[in-house]
Amino acid sequence: MKVGLVYDPIYLEHDTGGHIENRERLVQVMALLDSSGLTAQLFRVAPRLATVEEVKSVHTYQHIRHVEGVAGSGGGWLDLDTFVSPRSYQVALWAAGGALSGLEAVMAGEVDAAFALARPPGHHATPGRAMGFCLFNNIAIAARHAQGHYGLERLLIVDFDVHHGNGTQEIFYEDPHVLYFSTHQYPLYPGTGFYEEVGQGEGAGTKVNLPLPPGCGDDEYRRAFDEVLVPAARRFQPQAILVSAGYDAHWADLISLMQVSVGGFASMAASIKGLAQELCPGRLLFCLEGGYHLQALSYSVKATLEVLLGGRASPDPLGQPAGGRRPDIGALLAAVRRVHRLA
């Protein structure tokens, strides 16, 4: 399987200083990919600059101009969590463009799958607001491009970041052509993503939320994918799968209380890859979202790429979390399956 990697040092120029979402995230990932020899196995895909019109496909013009204005005036805080530096507006256009370049490489058959290793992340950005470290919604912009430029009528977005992708859900909440599936810790920022949030109007039934309780690990996520994602995807029959790949559910990442291991993320990647091969000739795009423990993030991205390349993930250097009782999610899964009428 030919796998594309979208990356450019321009992503380091979104200078957030000591913020938890900072340039070292990508520096550490690339250092591991290079030192392990994995980079040489990947097809490098150059990002491009997203146009304002492409960003406007999911965001208001006022929002775009606001981000540009704050960056142009020297930077500052857009909200309590989200910071921009003087270069952040341009870098955000390159991040959205990285998702677009990855999609274009997949659709052109240049690669079977692509991973956009870009920042700032995007899944919290709503049509009119930057939030949760996110400026523009990269995955949503790519999805709109798949719809408008390539005419795809059924897209699946899988979001396994530990936080609910409220921005992505809001953008597509009434769109019946986008099946959005999210696993996330609940309660946790941003406070959305209850399982009864299923979409609205023509989009009703196409938004599938799994608000998992704190303490869930590899086994719980595997059940969530096997019992909900797989049947929902098979019923929907997507023509491409886009993934908001957040690695902050790792047990070593202090931003959450989840207990996923590197191997758990490899298992999720394998499940998604299997669905892509079964349902949509392997068309698959991953876009980086969260993940703030640098070692856990680096090895989880590496494991994801190893799975996409067709190999087995390398041994997990961080191992499993300390033993402890895991929550029983059976009732939650049953409720979600009932709401969405999954056999």
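Quick note: the coordinates plus some simple rules give every number you see, no bench work behind them. These numbers were taken from a predicted model, which means no experiment stands behind them. We place every Cβ from the backbone using ideal geometry, glycine too, and count neighbours over all the protein chains shown.
Remarks
- Candidate set from region 117-170 (those that are closer than 20 Å to residue 281 by Cβ and of a type in the set (D, E, K, R)); member that is surrounded by the fewest Cβ atoms within 10 Å (Cβ to Cβ): 153
- Residue list for region 311-331, restricted to those being surrounded by 12 or more Cβ atoms within 10 Å (Cβ to Cβ) and out of contact with any Leu (no Cβ under 7 Å at 6 or more places or on another chain): 311, 313, 314, 316, 318, 319, 320, 321, 326, 327
- As a summary of the residue check, residue 11 satisfies the conditions (1) buried (at least 18 other Cβ atoms within 10 Å of the Cβ); (2) aromatic (Phe, Trp, Tyr); (3) more than 29 Å from residue 149 (Cα to Cα) except for the one numbered (3).
- Residues within region 303-343 that are in a loop (DSSP other than H, G, I, E, B), out of contact with any Asp or Glu (no Cβ under 8 Å at 6 or more places or on another chain) and among the basic types (Lys, Arg), tallied: 2
- Test: residue in region 277-286 that is in a loop (DSSP other than H, G, I, E, B), touching a residue at least 24 places away in the same chain (Cβ under 8 Å) and crowded, with 24+ Cβ neighbours inside 10 Å: yes
- Which listed residue, of 32, 26, 49, is assigned to a loop (DSSP other than H, G, I, E, B) and surrounded by 13 or more Cβ atoms within 10 Å (Cβ to Cβ): 49
- Subset of region 87-102 (residues that are closer than 18 Å to residue 243 by Cα and hydroxyl-bearing (Ser, Thr, Tyr)): 101
- Any chance residue 243 is of a type outside the set (D, E, K, R), closer than 18 Å to residue 156 by Cα and either touching a residue at least 40 places away in the same chain (Cβ under 8 Å) or surrounded by 17 or more Cβ atoms within 10 Å (Cβ to Cβ) (or both): yes
- Extreme residue, farthest from the chain's Cα centre (by Cα), among residues of region 58-85 that are of a type in the set (Ser, Thr, Tyr) and within 23 Å of residue 7 (Cα to Cα): 85
- Which numbered condition residue 296 fails, given (1) of a type in the set (A, V, I, L, M, F, W, C); (2) surrounded by fewer than 15 Cβ atoms within 10 Å (Cβ to Cβ); (3) in contact with a Leu (Cβ under 8 Å, 6 or more places away or on another chain): (2)
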